[in-house]
Amino acid sequence: MNIAFVLYGNSALPRGGSRIIYDYANYLASNNHRVTLYFYGKCFLRSRKIPSVLKKLACRFFYNRWPDWYKFNEGVIKRTIFDYEKEIRKDEEVIIATDVRTAKPVSELSINCKKKMYFIQGFENWVLSDEEVFETYGLGLCNITVSNWLKNLVDMHSKTPSFCVANGVNCDIFKKEKDLKNRDKYSIAFHYNSSKNKAGNDAIEVIKRLHNQIPELKVYAVSIEKKTDIIPEYVNYIYKASQEKVAKINNKCRVFLSTSVEEGFGLPGIEAMACGCILVSTKNTGVFEYANESENAVLLDVHDIDGLVTNIKRIFEDFSLQKKISEKAIATAKERSIEKSARKFEEILVKE
C-alpha cells in the first residue's frame, strides 16, 4: 500500500510527536508499504525577508538533512513540497494529515485515494483557536487519536467515531539498565519546556525547594530549548538529547517529574517508567492513559508544588515503596510497546 504522511514543516529538534510519526513510518516501510513523508516547506523562514527562490533552495537543503536526530529505514521516502495538490503523488492510497495546519489541505486534495486520515496527538489550540481546531475534527477525515481523552473530545465534533491508538514505548531503548539501589539516592530527572501547558516554571520551583532541603540532590533536565538563566546552575542540562541519551539519564535517576497541565499522551513519563523511574506527575489529561495512583506512579493535582515536593521527599526515603512502584511501572511500559501501537495503526490504515 502507498502511504503518505503530510507534515507541516520539518524540525531539527527531537520532538516526541514527530518521533511517533517516524516510528510508524519505519514500521510500515518494514512491512513492505511504500511510505512517503511530505514536509510542507512554505513555513520555512516565513518571517524572513528573503526572495522566495532562495527560501526554497535553503528549505530543500536543510529539510533533506533534517531530522538528524532520527534514523529512518531505507524504505522511507522524504520529500519537501510547497504545493499540496501539485506535489503529493497521485498514486497515494492513504494520506495522513498530522497537524491542524495540514488537516484542511489534505481534506481538499483532489486525489482519488482510498482513505484520508488525520492523526491527532494533542489539542492544538496553541496553533489555532479552539473553534478552528474543532472544525478540523469535522472535516470528514478518518480521525486517529493517541489517547482516550482526545478521542472523547474529537468525537464530539467529528462526523464519525475516531480510532484511538495509544503511543507506544521503544522498549529496545527505554529499559531498566541500572538497579534503583545503584542510582543516587536523591536523583531526579524532568523534561523542561517553558510553554504554559507544560508548566516548566512549576518544575523549576519544585527542584529549587528540593535542593534547598537536600543539597546533595542530583538533577537532570532534558530540553529542546537552550538553557537560560531560569535554570539553576546545579542542574545538569541536556539540550537536544537523543533517545539513547534520555534513556541513560532516566537510568541515573530514581524519580521522574512531570508538571504538565495538559498532555496529548505524555510519552516522556511512560518512557521514564520503562527505565524503572518512579513517575511523580500532575494529574494532566494524558497521564491517565498509563498511570495509576499509588500503583505504578504518584499523581498530584496540577500546580500542587507543595504536594509534589512532599511526595518526592517521601519516595526518596522509602526504598520499599520505590521498588514496588518501579516494578509495576516497568510492567506497564512493556505492555505498551511501539510495535503493538504500530501494528494497531497499520490495521486501521489497511482496513477496508
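On inspection, Leu28 does not qualify as touching a Ser or Thr at 6+ places or on another chain (Cβ under 9 Å), assigned by TED's automatic domain parsing to the domain that holds Val76 and touching a residue at least 12 places away in the same chain (Cβ under 8 Å).
Somewhere in segment 291-300, is a residue surrounded by 15 or more Cβ atoms within 10 Å (Cβ to Cβ), in contact (Cβ under 8 Å) with a residue 60 or more places away in the chain and not assigned by TED's automatic domain parsing to the domain that holds Trp126?
We begin by selecting, within segment 291-300, every residue surrounded by 15 or more Cβ atoms within 10 Å (Cβ to Cβ); these are 291, 296-300.
Subsequent filtering for residues that are in contact (Cβ under 8 Å) with a residue 60 or more places away in the chain retains none.
No, the conditions are met nowhere in segment 291-300.
The sole residue among Phe163, Phe82 that is touching a helix residue (DSSP H, G or I) at 6+ places or on another chain (Cβ under 9 Å) and more than 17 Å from Leu7 (Cα to Cα) is Phe163. A single entry from Leu321, Leu279 fulfils the requirement of being buried (at least 20 other Cβ atoms within 10 Å of the Cβ) and not assigned by TED's automatic domain parsing to the domain that holds Ile144: Leu279. Within segment 39-91, restricting attention to residues that are under 22 Å from the mean Cα position of the chain (by Cα) and without any contact (Cβ under 8 Å) to a residue 24 or more places away in the chain, which residue is nearest to Glu108 (Cα to Cα)? For segment 39-91, the residue satisfying everything is Arg65. Looking across segment 15-55, just one residue is buried (at least 19 other Cβ atoms within 10 Å of the Cβ), of a type in the set (A, V, I, L, M, F, W, C) and over 23 Å from Glu74 (Cβ atoms), and that is Phe44. Only residues that are more than 20 Å from Asn311 (Cβ to Cβ), hydrophobic (A, V, I, L, M, F, W, C) and part of a strand (DSSP E or B) were counted across segment 205-230, and they come to 1. I'd like to know if segment 134-155 contains one or more residues that are assigned by TED's automatic domain parsing to the domain that holds Tyr22, of a type outside the set (A, V, I, L, M, F, W, C), more than 18 Å from the chain's Cα centre (by Cα) and over 30 Å from Lys340 (Cα atoms). Scanning segment 134-155 turns up at least one residue that is assigned by TED's automatic domain parsing to the domain that holds Tyr22, of a type outside the set (A, V, I, L, M, F, W, C), more than 18 Å from the chain's Cα centre (by Cα) and over 30 Å from Lys340 (Cα atoms). Of all residue pairs spaced 6 or more apart or on separate chains, those with beta-carbon atoms under 6 Å, a first member in segment 173-194 that is in the same structural domain as Leu257 (by TED's automatic domain parsing) and buried (at least 19 other Cβ atoms within 10 Å of the Cβ) and a second member that is among the basic types (Lys, Arg) and not in a loop (DSSP other than H, G, I, E, B) are Ser187/Lys218.
Just wondering, is there one or more residues in segment 107-115 that are touching a Cys at 6+ places or on another chain (Cβ under 9 Å), of a type in the set (S, T, N, Q) and modelled with pLDDT of 95 or more? No: zero hits. Every listed requirement among (1) touching a strand residue (DSSP E or B) at 6+ places or on another chain (Cβ under 6 Å); (2) modelled with pLDDT under 95; (3) not β-branched (Val, Ile, Thr) is met by Arg79 save one, (2). Kindly check whether there is at least one residue in segment 62-69 that is surrounded by 13 or more Cβ atoms within 10 Å (Cβ to Cβ), under 18 Å from Glu347 (Cβ atoms) and touching a helix residue (DSSP H, G or I) at 6+ places or on another chain (Cβ under 8 Å). Checked against the condition, which is being surrounded by 13 or more Cβ atoms within 10 Å (Cβ to Cβ), under 18 Å from Glu347 (Cβ atoms) and touching a helix residue (DSSP H, G or I) at 6+ places or on another chain (Cβ under 8 Å), segment 62-69 yields no hits at all.
The values are calculated or read from the model by the stated rules, or taken from the named source; none is laboratory data. Quick caveat: nothing in here was measured; it's all calculated off a predicted structure. FYI the Cβ positions are ideal-geometry reconstructions off the backbone, even for glycines, and counts take in every protein chain you see.
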